[in-house]
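The structure appears below as structure tokens.
The values are calculated or read from the model by the stated rules, or taken from the named source; none is laboratory data. Values in this document were obtained by computation on a predicted structure and should not be read as measured data. All Cβ positions, even for glycine, are placed from backbone atoms using ideal geometry, and neighbour counts span all protein chains on display.
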Amino acid sequence: MPQFLRRHTSFRSRLGRKRKKIQKWRRATGRHNKVRIKRKGYPIKVMIGFRTEKKKRSLLEDMKPILVMNVRDLSKVEKGNSAWIGKVGNKKRMEILKVAKEKKIKVANFNAEKKMKKIEESLKKKSEEKK
């Protein structure tokens, strides 16, 4: 699948040179725009036929992510699916990550071990500040 980028992203900083998050597609306009004309040697234009297959849409690493807001929601996650932890606090997130680790469920939007360490450290700091 080609990467659709706005023209001149490799030249101008504000269009995303060395800043991947800023690089995005904008429709080519303008009388002499080479992308709009589909000239050879210029970035490819978004056209019909480049869409992903229907089976692969909404999949992350060939796994369907299922939204998890609490520990009970982990029971919805079946084999071949991954958990996507929603917008919850650190305490609840910690509980969900522990149970997911026990059940060997892959968490799509976090590196579970790294996140657990970070949360534990922040909870320790808060408990020390209260004392």
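Contact annotation: residue pairs with Cβ atoms under 7 Å, 6 or more positions apart or on different chains, pairing a residue in the range 30-56 that is within 17 Å of SER10 (Cβ to Cβ) and free of Cβ contacts under 8 Å to residues at least 60 places away in the same chain with a partner that is outside any loop (DSSP other than H, G, I, E, B) and among the hydrophobic types (A, V, I, L, M, F, W, C), are TYR42/VAL35; PRO43/VAL35; LYS45/VAL35.
Note on the range 96-117: residues that are surrounded by fewer than 14 Cβ atoms within 10 Å (Cβ to Cβ) and either out of contact with any Leu (no Cβ under 7 Å at 6 or more places or on another chain) or modelled with pLDDT of 95 or more (or both) amount to 9.
Here the condition is being assigned to a helix (DSSP H, G or I) and within 19 Å of the chain's Cα centre (by Cα); of LYS98, LYS115, LYS64, LYS92, it holds for LYS115 alone. When the range 102-112 is filtered for residues that are part of a helix (DSSP H, G or I) and in contact (Cβ under 8 Å) with a residue 12 or more places away in the chain, only ALA112 remains.
Among the criteria (1) modelled with pLDDT of 95 or more; (2) over 18 Å from the mean Cα position of the chain (by Cα), the one PHE11 does not fulfil is (1). Selection of the range 1-16 for residues being over 11 Å from VAL46 (Cβ atoms), loosely packed, with under 14 Cβ neighbours inside 10 Å and in contact with a Phe, Trp or Tyr (Cβ under 8 Å, 6 or more places away or on another chain) yields only MET1. Restricting the first member to the range 1-15 and to residues that are among the hydrophobic types (A, V, I, L, M, F, W, C), and the second to residues that are part of a helix (DSSP H, G or I), the beta-carbon pairs closer than 9 Å and six or more apart or on different chains are LEU5/LEU15. Can we say ARG26 is outside the structural domain of SER122 (by TED's automatic domain parsing) and either outside any loop (DSSP other than H, G, I, E, B) or of a type in the set (Phe, Trp, Tyr) (or both)? In short, no.
Which one of the conditions (1) assigned by TED's automatic domain parsing to the domain that holds ALA108; (2) small (Gly, Ala, Ser); (3) out of contact with any strand residue (DSSP E or B) (no Cβ under 7 Å at 6 or more places or on another chain) does ALA83 fail to meet, given that it meets all the rest? The failed condition is (3).
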